[in-house]
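Notes for the one structure printed next.
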Ligand SMILES: Cc1cc2nc3c(=O)[nH]c(=O)nc-3n(C[C@H](O)[C@H](O)[C@H](O)COP(=O)(O)OP(=O)(O)OC[C@H]3O[C@@H](n4cnc5c(N)ncnc54)[C@H](O)[C@@H]3O)c2cc1C
């Protein structure tokens with residue numbers, strides 16, 4: 001079956017955070033679109049997701065109340081050693097002052113499945129197609145066509161690959177770039193993969209056994225292994241009914257692990273052999289078993305938290321990262337993990353995908369491009385706005401990962417200095433720089449940044465949108 005849209009249409013492949021946010025923006029801006037997702041239905045997978053610098057965007061698109069109801073504000077991050085002795089804390093703000101006071105907004109932490117559910121609930125069912133794994137793409141001067149594994153094809157004006165780290169849209173686009181001799185040399189290199197990771201979200205927990213879960217803010221507790229090159233993370237989530245849940249993550253530094261086990265015949269343990277191609281449920285148990293008897297900073301042992309997690313929600317993945325230089329070609333453009341896959345340690349993956357969705361929707365709204373020339377101009381504008389941030393976030397997350405996993409004297413010294421001796425003014429400076437530029441959706445009413453920090457830059461409302469606002473005001477009179 002072939003489906004071709006009559007007017008210009010944006011084909012969005014992947015219903016993760018980036019794809020769903022872009023779809024919601026297209027819905028708000030009356031930009032014709034369709035979403036194609038390979039899963040049969042919403043997948044309730046993933047752990048806690050930290051959202052930074054984007055609350056005003058949730059307010060603009062009208063999901064702020066729901067996000068607030070499902071999230072706790074980030075309070076701080078505490079690095080503990082294996083015996084639960086605190087090595088230091090990081091608050092991403094001046095001590096004693098909340099982000100709300102300074103920047104007008106908090107940084108919510110929520111379960112990934114909750115965010116996906118909220119975004120998907122705003123997309124009309126006839127525009128969100130599940131069970132559509134895109135396997136091939138074809139583009140020419142006038143249109144782009146996708147083919148799904150069920151043999152259906154769809155054509156549109158623009159194809160957006162928001163299909164995650166192993167993007168098939170990227171792979172197809174790179175084949176074309178390669179054959180035309182346009183491929184950036186580093187893009188041909190495989191992603192860097194140094195860590196394995198298992199994530200999950202528990203079911204509702206009893207606060208009698210876990211009193212720390214009653215705390216208002218989400219305080220990350222991260223334990224760094226002494227005998228194992230691993231970390232285990234606990235992120236208290238909000239109570240949305242039966243009791244608070246806990247998002248958790250276990251990571252393993254494979255280079256250090258292999259070095260540690262060299263000669264013992266243990267280096268090729270099957271826990272490092274899992275599929276790196278998707279968030280599959282396989283091979284998680286073996287990694288969990290390595291830490292299950294360790295004390296847990298929320299109470300009891302790590303195994304208790306794992307036991308309280310529905311088995312189908314525990315997933316293992318190889319963590320990889322890479323910043324790609326080619327983001328667009330012809331009528332195809334990439335967004336989110338498809339073009340800037342970062343390690344989760346900086347807590348930036350979802351926020352970056354959402355901000356990129358806003359940047360792309362902004363250029364598409366102003367003048368929905370149709371000719372190849374217009375399309376290329378729009379893609380370049382989007383790339384110029386977002387690529388610097390993408391590179392910075394990939395690099396920053398890698399450095400944070402190093403800081404968290406480096407073992408021995410050097411690692412301990414870096415952490416102690418980094419977390420305990422950095423002066424308050426320097427933390428504030430970094431935090432201000434991070435919040436300095438906060439772009440808006442240019443075709444929806446802007447929010448006002450309250451807070452004591454007022455020098456935040458933003459973009460300007462769309463001329464087209466301002467004209468439509470004037471028109472409707474005139475009609476109303
Ligand atoms: C199941 C899962 C769990 C995650 N858990 C966490 C977590 O706990 N913490 C964290 O910080 N980050 C997590 N992430 C990553 C985080 O969601 C992303 O870094 C970030 O949100 C960027 O989003 P994205 O839209 O670029 O990609 P993603 O959110 O990864 O979404 C990509 C989507 O594309 C779909 N897709 C892939 N290939 C195809 C295809 N060929 N055809 C159609 N659809 C396709 C996938 O099924 C997925 O829904 C998770 C991602 C996934 C997919």
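A few notes on this one:
- For the chain, the normalised intensity computed at q = 0.07, 0.10, 0.12, 0.13 Å⁻¹ comes to -0.37, -0.77, -1.11, -1.29 (log10 of I(q)/I(0), Debye sum over alpha carbons, equal scatterers, no solvent).
- Take 74-81, 296-303, 125-132 and order them by the average number of nearby Cβ atoms within 10 Å per residue, most first; the result is 74-81, 296-303, 125-132.
- A Stokes-Einstein calculation at 4 °C with viscosity 1.567 mPa s, built on the Kirkwood radius of the stretch 361-477 over Cα pairs, returns a diffusion coefficient of 70 µm²/s.
- Largest-first principal axis extents of the Cα set of the stretch 301-397 (Å): 59, 26, 19
- Distance between the C-alpha centres of the stretch 69-131 and the stretch 156-186: 31 Å, rounded to the whole angstrom.
- Computing Rg and the Kirkwood Rh from the Cα coordinates of the stretch 20-174 gives a ratio, Rg/Rh, of 1.07.
- Taking every DSSP beta bridge that has both ends in the chain, the antiparallel portion is near 65%.
- Kirkwood analysis of the stretch 175-257, using all unique Cα-Cα pairs, places the hydrodynamic radius at 16.0 Å.
- When each of the peptides 231-238, 117-124 is scored by the mean number of other C-beta atoms lying within 10 Å of its residues, the order from highest to lowest reads 231-238, 117-124.
- From most to least packed by mean Cβ count within 10 Å, the peptides 195-206, 416-427 give 195-206, 416-427.
- Taking the chain and dividing mean pair separation by its residue count, relative contact order in percent (alpha carbons under 8 Å, at least six apart): 21 percent
Read-outs throughout are calculated quantities, based only on the coordinates presented, and are distinct from any laboratory measurement. What you see is a predicted model; the values in this text were computed from it and never measured. FYI the Cβ positions are ideal-geometry reconstructions off the backbone, even for glycines, and counts take in every protein chain you see.
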